[in-house]
Amino acid sequence: MALTLGGLGEHSQGVLPSQLIREAIALGYIHADGEKVPEDRVQPASLDLRLGPRAYRLRCSFLPGAETVDRKMRPLVIDDLDLRGGAVLEPNRPYLIPLAEQLALPEGMRAKTNPKSSTGRLDVFTRVVTDGSYRFDEIADGYRGPLYLEVVPLSFAVQVEEGLSLNQLRLIVGRSPLTDAELLAEHRESPLLFRNGQPVPTSTLALADGLFLSLDLRGDKRGHVGFRAKLHTPGLDMSAIGSHRVDDYWERVTSEERARIVLDPERFYLLLSEESVRVPPTLAAEMTAFDPTSGELRTHYAGFFDPGFGYSRDGQLLGSRAALEVRAHDVPFMIEQGQGVCKLTFERMLGEPDELYGADVGSNYQGQMQTLSKHFRVDRSPSARADDDPQLDLFGAEA
């Protein structure tokens, strides 16, 4: 199938904006077995994917390799669940859910998927699997076939139902990432990172195929810097917005002297970035976990930032802070004010979206000063930020 979208040619490069995503749907690049993909699932630079009617509990996770997902999955199925009326997914068990959307990408177009921000903030691990693939979340150029979502709740038992969106998809043509030189030029022209209401000086930017963020553990007046997931909590309905009591699921984390905290092993923390991020209409961004000892980049822990995140047309909004999900492994681990955390990579858009993140699409986390997801009833009080280091898994961010 030839690439016939919106006048794009072989030299076009970038992420498809909302209006071209709609055109891709109209052309059948994204379809749902004859059902129309809902208009309200289109975001400025991504599409919210929907759960199908069934979920399969598996013995273990897997990659299909040269086989189809369905064939590789069958010997691993322990049970199947009907999601049409809702079903509970238990913690630390892998589930595979066929998604409602399927792809028929033309040559020259590929896709990438990531968890939605609200999914990551609930410590629900997700990644997309496709037929004949050796990688998660990276969908090959010209892929034609179904999409499957692996879901592993880690802190809470969660209830999900058919049609719920836990992850997002971006369509990409050509080379989309900005180089460090291009990032510096962009930041000088229109700042991408702010600290204390001022653009971060270019001389202090930390770059290596992206911009690095740090954490601030100063907290609010009471020293609260974020939240830690409680153990043995009630089930959590992921379709219920603004209806769960914070204290049933979270305990507040308070910084020690010298603005630091010690993370308990294998406990889940929600913190905030030191810097505020601004993504202009011409760019999109993605956050990735970063281990400074090995340079490992975990794309399946990444988070999308749509064009317009932390941005306002009148120039009054000087970025929004990024929510970070952090877990230490094996031993207690100390994190400190200003410690390096994770990396933002920026990608060029093929055009400005006709709607931006924020007021245009009713976004939940624009200008956020706290970390909890939209599922909780919570006062808008400042929290804190997060970090990563050898012992940490930094799961991702927000968009």
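The values are calculated or read from the model by the stated rules, or taken from the named source; none is laboratory data. Because the structure is a prediction, the values reported are computed rather than measured. Note that we place each Cβ from the backbone using ideal geometry, even for glycine, and neighbour counts take in every protein chain shown. Remember, those area values only see protein heavy atoms, side chains included, never the ligands or the DNA or RNA. Shrake-Rupley method; radii C 1.70, N 1.55, O 1.52, S 1.80 Å.
Assorted remarks:
- Cβ crowding within 10 Å averaged over residues, with 195-206, 273-284 ranked highest first: 273-284, 195-206
- Packing order of peptides 232-240, 150-158, highest average first: 150-158, 232-240 (average count of other Cβ atoms within 10 Å over each peptide's residues).
- Listed residues Val69, Val341, Val15, most fluctuating in the chain (Gaussian network, C-alpha, under 10 Å): Val69
- With both labels modelled 7 Å from their Cα along Cα-to-Cβ, the Val88 to Gln198 distance reads 5.3 nm.
- Here the dipole of segment 9-48 is about 80 debye; that uses its Cα centre as origin and unit charges on the Cβ of Lys and Arg (positive) and Asp and Glu (negative).
- Computed with a 1.4 Å probe over protein heavy atoms only, the accessible area of Lys72 comes to about 70 Å².
- Note on Arg258 and Lys374: their simple-model spin labels are 4.1 nm apart, each label 7 Å out from Cα toward Cβ.
- Label-to-label distance, nm, for residues given as Arg135 and Ala206 (7 Å Cα→Cβ offset): 2.6
- Which of Gly142, Leu178, Gln168, positive extreme of dipole for segment 96-179 (C-beta unit charges): Leu178
- Projecting the Cα atoms of Ser373, Leu8, Cys342 onto the dipole axis of the chain, where Lys and Arg carry +1 and Asp and Glu carry -1 at the beta carbon, places Ser373 farthest toward the positive end.
- When the charge dipole of the chain is built from unit charges on Cβ atoms (+1 for Lys and Arg, -1 for Asp and Glu) and taken about the Cα centre, the candidate among Pro353, Leu193, Ala208 whose Cα reaches farthest toward its positive end is Leu193.
- Net dipole in debye of segment 203-261 [+1 Lys, Arg Cβ; -1 Asp, Glu Cβ; about Cα centre; nearest 20]: 220
- Peptides 325-337, 82-94, 181-193 ranked from most to least packed by the mean count of surrounding Cβ atoms within 10 Å: 325-337, 181-193, 82-94.
- Computed from the C-beta positions of Asp247 and Ala32 and an R0 of 51 Å, the FRET efficiency is 0.85 to the nearest 0.05.
- Segment 149-259 - percent of accessible surface contributed by carbon and sulfur, probe 1.4 Å: 47
- Lysines with Cα under 28 Å of Lys72, excluding same-chain neighbours fewer than 8 positions away: Lys112, Lys116
- Overall form of the chain per C-alpha gyration tensor (a/c, 1.5; a/b vs b/c): oblate
- At R0 = 30 Å, FRET efficiency that the Cβ-Cβ distance of Val331 and Leu184 yields, to 0.05: 0.20
- Within the chain, antiparallel bridges make up roughly 95 percent of the DSSP beta bridges whose residues both belong there.
- Put a plus charge on the Cβ of each Lys and Arg, a minus charge on the Cβ of each Asp and Glu, and nothing anywhere else: the dipole of the chain about its Cα centre is then about 520 debye.
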